[in-house]
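Okay, structure first, notes after.
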Amino acid sequence: MEYLPQDFAQVFAFVTCKRNHIPVSLFLLLCFNVLLAPAVQAATPLQLSRSASYAIALLLLVTMSLCVYLFVVIFQPEKF
């Protein structure tokens, strides 16, 4: 990766490393939460505080990720 600056090459190497799935997953989860929380706040008919809308969005993301995980575990049990 000679054409990338050294900082970008280090970031790319960190992201593609096999042992760093948890930090990258948490970062992506927080990014999706930042994008989803204003939509949750706009969709509710009542006034919600910002922290409540972030908590609801985080709960929604965790629920969806558990659904996907359980779906994979049910249909591919030999991997687990």
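Report the gain in length on full extension from V62 to H21: 0.36 nm times residue separation, minus Cα-Cα distance, nm rounded to one decimal.
On the way: separation 41, 0.36 × 41 = 14.76 nm, distance 1.62 nm.
Length gained, V62 through H21: 13.1 nm.
Between Q47 and V73, what length comes free when the chain is fully extended (0.36 nm per residue of separation minus the Cα-Cα distance, one decimal in nm)?
On the way: separation 26, 0.36 × 26 = 9.36 nm, distance 3.85 nm.
Full-extension gain reported as 5.5 nm.
No value in this document is a laboratory result; all are computed from the given coordinates. Computed from a predicted structure; not experimentally measured.
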